[in-house]
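Note sheet for the following structure.
The values are calculated or read from the model by the stated rules, or taken from the named source; none is laboratory data. Not measured: the values here are computed from a predicted model. Positions of Cβ are generated from backbone atoms using ideal geometry, with glycine treated the same way; all protein chains shown enter the neighbour counts. Just the protein is used for accessible areas: all its heavy atoms, side chains included, with ligands, DNA and RNA removed. Shrake-Rupley method; radii C 1.70, N 1.55, O 1.52, S 1.80 Å.
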Amino acid sequence: HAAAQGTPEWLQARVGRVTASRARDMLATIKSGEAAARRDYRIELVCERLTGISAADVYVNDDMRRGTELEPEAFAAYEALTGRWVDRVGFCAHTDLMAGASPDGMIGDFDGLIETKCPRPANHLRYLRDFGVPKEHKAQVTHLLWLTGAPWLDFVSYCPVMPSHLRLYVQREVADAAVLADYDAKVRAFLAEVDDEVRALMPVSAALAQSLEVA
């Protein structure tokens, strides 16, 4: 879907689908029972399927606003460093499953992806010191690789207030067949739960609609 990220058309394309930004919620676990984040996300998707209306929170905090404003700078810094041209992406829908993703950018015809973050200095420094893809973004990165079939993704963190040699952090995540197969199984299991709930509730909603028409 070519609609720009954040537009009403983009939000509508996501309705009822497991997306990269919520992959962490889908994977949430606790020692017993179902994690609240996973349960809440499952219910949210059921509601979206039943109503056709996006449940996405349109609230934009300062961190999100900063990320949107600085993203063009982050793209430019990455392109200058790597010599690779980045193309914008709207929304990518899975061909068979109710899943999708919105990569920040793609290299070539999904030859590679980038996911950009423009965090506060303390978080950027943590990324630099810990190395690798930050754990809070790992599920999102896995989802993007799984859905697009891209062989790699460059995680990019950009913080312009840092000294010039520390402003850009790039960490490549290479697609791992075993990791993606495990993730695929978890997505399918989660979506099966959503489907079961929707099927169980559809007769109720149909009966209610019919009763309202009669009334």
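Of the listed values (i) 0.95; (ii) 1.02; (iii) 0.99, grab the one calculated as Rg/Rh (Cα atoms, Kirkwood Rh) from the structure here. Step by step, Rg/Rh (Cα atoms, Kirkwood Rh) for this structure corresponds to label (ii). Spin-label pair Arg172-Asp196: with each label point 7 Å from Cα along the Cα-Cβ axis, the two points sit 4.2 nm from one another. Note that the stretch 126-143 has calculated 3J(HN,Hα) couplings of 4, 4, 5, 7, 7, 6, x, 7, x, 4, 6, 10, 5, 5, 4, 5, 4, 4 Hz, one per residue in order, obtained from phi through the Karplus relation 6.51 cos²θ - 1.76 cosθ + 1.60 (θ = phi - 60°); glycine and proline are x. Based on C-alpha pairs under 8 angstrom that are at least 6 apart in sequence, the chain has a relative contact order of 22 percent. Taking each residue as 0.36 nm, the span from Thr68 to Ile53 lengthens on full extension beyond its C-alpha to C-alpha distance by 3.0 nm.
Label sites at Ala4 and Lys135, each approximated as a point 7 angstrom past Cα along Cα to Cβ, lie 3.7 nm apart.
Let me cross-check Cys47: its accessible surface, 1.4 Å probe, with only protein heavy atoms counted, in Å² to the nearest 10? We get 60 Å² for Cys47.
Taking amide H as placed 1.01 Å from N in the peptide plane, Asp104 has its amide H under 5 Å from the amide H of Ile114, Thr116, each at least 5 places away in sequence or on another chain. Under Stokes-Einstein, with the Kirkwood radius over Cα pairs standing in for Rh, what whole-number D in µm²/s applies to the stretch 93-170 at 20 °C and 1.002 mPa s? For the chosen part, D equals 160 µm²/s. Projecting label points 7 angstrom from Cα along Cα→Cβ for Ala122 and Ala37 puts them 1.9 nm apart.
Put the Cα centre of the stretch 125-152 next to the Cα centre of the stretch 27-50 and the gap is 22 Å. The 3J(HN,Hα) values that the Karplus relation (6.51, -1.76, 1.60; θ = phi - 60°) gives for the stretch 3-18 are, in residue order, 4, 5, 4, x, 7, x, 5, 5, 4, 5, 5, 8, 4, x, 10, 5 Hz. Gly and Pro appear as x. Shape verdict for the stretch 155-203, please, from the Cα gyration tensor: rounded (a/c under 1.5), prolate (a/b greater than b/c) or oblate. It comes out oblate by the Cα gyration axes. Its DSSP H runs of at least 4 residues, each contributing -39,500 (n - 2.57), put the calculated 222 nm mean residue ellipticity of the chain at -17000 deg cm²/dmol, to the nearest 500. Surface listing: Phe75, Phe110 arranged by accessible area from highest to lowest gives Phe110, Phe75, probe 1.4 Å. Exposed loop sites are taken as trypsin sites (Lys or Arg not before Pro) in a DSSP loop (any state but H, G, I, E or B) with at most 15 other beta carbon atoms within 10 Å; the longest stretch of the chain without one runs 89-215.
Taking a sphere under 14 Å around the Cβ of Ala28 and counting the other residues whose Cβ falls inside, with K and R at +1 and D and E at -1, yields a net charge of +3.
Computed 3J(HN,Hα) for the stretch 185-195, one whole-Hz value per residue from the Karplus formula 6.51 cos²θ - 1.76 cosθ + 1.60 where θ = phi - 60°, is 4, 5, 5, 4, 5, 5, 5, 4, 5, 4, 4, glycine and proline marked x.
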